[in-house]
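The values are calculated or read from the model by the stated rules, or taken from the named source; none is laboratory data. This is a predicted model, so every value here is computed, not measured. Counting neighbours? That spans all protein chains shown, and the Cβs are built from the backbone with ideal geometry, glycine included. For accessibility, only protein heavy atoms count, side chains too; no ligands or nucleic acids. Shrake-Rupley method; radii C 1.70, N 1.55, O 1.52, S 1.80 Å.
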Amino acid sequence: MTVREAADLLLKARKVVVFTGAGVSAESGIPTFRDALTGLWARFDAQALATPEAFAADPALVYGWYEWRRTIVGRARPNAGHTAIAKIEAAIPGTVVVTQNVDALHEQAGSVSPIHLHGSLYAPRCSSCAKPATPPEGPGDEPADGRRLTPPACEHCGAPVRPGVVWFGEALPVDALEAAVAAAADCDLLITVGTSGVVYPAAEIPQVAARFGAPVIQVNPMPTPLDDICTVNLRGPAAEVLPELVLSLPSTAAR
Ligand code: BV8
Ligand code: ZN
């Protein structure tokens, strides 16, 4: 399975879905969900912290964790993988980017309105009345090892403000999920990048594309449960493999 084969599929495609997970931001210095947590959170499991129960039990711990992540993400820059995806969008207008990531590195790389299935670190809201909250001033400035941080109070009802992300056990934003499923069902190529494909319903997206007959290209250094539905498995880091792939595109985009 070579980049050449993947490039041939990309050259023929007119309606591409690029589906991304934490791995596409790894080379920007952002830990993936598989990576063990550090500092104050070292003794916690990300999946346990990213829940409404954890926030209810200890709002300052969870809010501190998200402000720590917003600090790291704020200092990160898009890598060559994000940039290559924006180039695919530029070269193939019918491209839709669907991400599980809560960072804004796709946007910073030039992607136009990627679909965020799991929300964003930049859309805080009230944990009770759900009204949008004023995002904290400037990039986070949390200590390297993190700290507990009391969440601000909602200006409307006084309840704690929470991060605008989708926690485990919570429903995904309906419009985002529907748009992602529709794009996957309609695409003529799906590229899945840097996801372990174990979190649902997001992991359904590549499977919908395959079910509707589209070839699927996977970019991941490791095998995943998605291997079997993939036409081409490119075992490598996104910031190395994706730039090679876009080199095959017509000159305007690739250079
Ligand atoms: C819900 C936001 C119900 C928060 C996230 C069906 C079967 C089994 C379980 C379930 C099911 N349906 C639902 C569930 C439960 C659960 C779930 O899927 N559990 C799993 C873990 C078993 N799903 C939910 O709870 C969902 N909600 O079902 O609600 C409902 C319905 C209606 C009404 C009420 C309720 C909500 C799930 C969303 C949770 N929020 N994120 C935050 O970020 O803090 S999920 C979060 O984890 C990420 O967004 C992402 O989706 C996931 C991590 O996965 P990846 O992104 O793939 O990252 P990971 O670290 O796992 O892997 C990285 C990969 O990159 C690896 O493969 C690695 O090899 C690769 N890599 C590393 N370096 C590179 C690289 N690749 C390329 N280049 C590199 N350099
Ligand atoms: Zn409120």
* **Cα-projected label distance for Ser128 with Tyr200, points at 7 Å along beta-carbon direction, nm** => 3.5 nm
* Structure fact -> With +1 at each Lys and Arg Cβ and -1 at each Asp and Glu Cβ, the charge dipole magnitude of the stretch 1-113 around its Cα centre, to the nearest 20 debye, comes out at 380 debye
* To do: Kindly write out, for the stretch 224-229 in residue order, the coupling ³J(HN,Hα) from the Karplus curve 6.51 cos²θ - 1.76 cosθ + 1.60 (θ = phi - 60°), rounded to whole Hz, with x marking Gly and Pro.
  => 9, x, 7, 3, 5, 8
* What nm value, rounded to one decimal, do you get for the distance between Ala153 and Asp58 when each label is placed 7 Å out toward the C-beta? -> 2.4 nm
* **Proximal aspartates and glutamates to Lys15, defined as alpha-carbon separation beneath 19 angstrom and excluding residues fewer than eight positions away on the same chain** => Glu5, Glu89, Glu178, Asp186, Asp188, Glu204
* Asked: Per-residue HN-Hα couplings for the stretch 105-111, Karplus 6.51 cos²θ - 1.76 cosθ + 1.60 at θ = phi - 60°, whole Hz, x for Gly and Pro?
  -> 6, 4, 4, 5, 7, x, 5
* Work out from phi, with θ = phi - 60° and the Karplus expression 6.51 cos²θ - 1.76 cosθ + 1.60, the ³J(HN,Hα) of each residue of the stretch 50-57, listed in order in whole Hz, and give x for Gly and Pro. => 7, 9, x, 5, 5, 5, 5, 6
* Structure fact -> Taking alpha-carbon centroids only, the stretch 21-86 lies from the stretch 203-222 a number of Å equal to 25 Å
* Structure fact -> Within the under-9-Å Cβ sphere about Ser28, not counting Ser28, Lys/Arg +1 and Asp/Glu -1 give a net charge of -1
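Restricting to Cα pairs below 8 Å that are 6+ residues apart, what does the relative contact order work out to for the chain? Please round to a whole percent. Please report the intermediate quantities before stating the final value.
Working: 497 pairs, mean separation 70.0, N = 255.
So the answer I get is 27 percent.
Of all accessible surface on the chain at a 1.4 Å probe, what whole percent is carbon and sulfur? Present the calculation step by step, with values, prior to reporting the outcome.
Working: 6610 of 11410 Å².
Here carbon and sulfur together make up 58 percent of the probe-accessible area.
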* Structure fact -> Per-residue accessible area, 1.4 Å probe, largest first, puts His118, His82 in the order His118, His82
* Rounded to the nearest 5, what is the percent of antiparallel bridges among the DSSP beta bridges in the stretch 126-233? -> 25 percent
* Structure fact -> The answer for the stretch 1-69, accessible area per residue at 1.4 Å probe in Å², is 45 Å²
* Asked: Taking 0.36 nm per intervening residue step and subtracting the Cα-Cα distance, what contour gain separates Glu170 from Arg14 on full extension?
  -> 52.8 nm
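Which value, in debye to the nearest 20, gives the size of the charge dipole of the chain about its Cα centre, when Lys and Arg are +1 and Asp and Glu are -1 at the Cβ? Walk me through the intermediate numbers first.
Working: 19 positive and 26 negative charges, 57 e Å.
Once rounded to the nearest 20, the dipole reads 280 debye.
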* Asked: If you roll a 1.4 Å probe over the heavy atoms of the protein chains, what accessible area per residue do you get for the stretch 146-255, in Å²?
  -> 45 Å²
* Amide proton proximity set for Arg125, modelled H, under 5 Å, gap of 5+ -> Ala133, Arg162, Gly164
* **Positive-end extreme of charge dipole, the stretch 1-142 - chosen from Val62, Gly23, Leu121 (charges on Cβ)** => Gly23
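What fraction of the DSSP beta bridges in the chain is antiparallel, stated in percent and rounded to the nearest 5?
On the way: 5 of 23 bridges.
Bridges in the chain that DSSP calls antiparallel: roughly 20 percent.
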* Asked: Check Thr95: other-chain or 5+ apart residues with amide H under 5 Å from its amide H, H built from backbone geometry?
  -> Val16
* Local net charge near Cys187, Cβ-Cβ under 11 Å (Lys/Arg +1, Asp/Glu -1) -> 0
* Asked: Ordered by packing density, taken as the mean number of other Cβ atoms within 10 Å over each peptide's residues, highest first, how do 220-226, 200-206 rank?
  -> 200-206, 220-226
* Using the charge dipole of the chain (Lys, Arg: +1 at Cβ; Asp, Glu: -1 at Cβ; taken about the Cα centre), state which of Ala84, Asn220, Leu49 has its Cα farthest towards the positive end. => Ala84
* Structure fact -> Note: the stretch 129-211, point scatterers on Cα, Debye, no solvent; log10 I/I(0) at q = 0.19 Å⁻¹ equals -0.96
* Between Thr51 and Ala185, take the C-beta separation as r, use R0 = 41 Å, and let me know the FRET efficiency to the nearest 0.05. => 0.85
* Asked: Under a 1.4 Å probe, what is the accessible area of the stretch 73-131 per residue, stated in Å²?
  -> 38 Å²
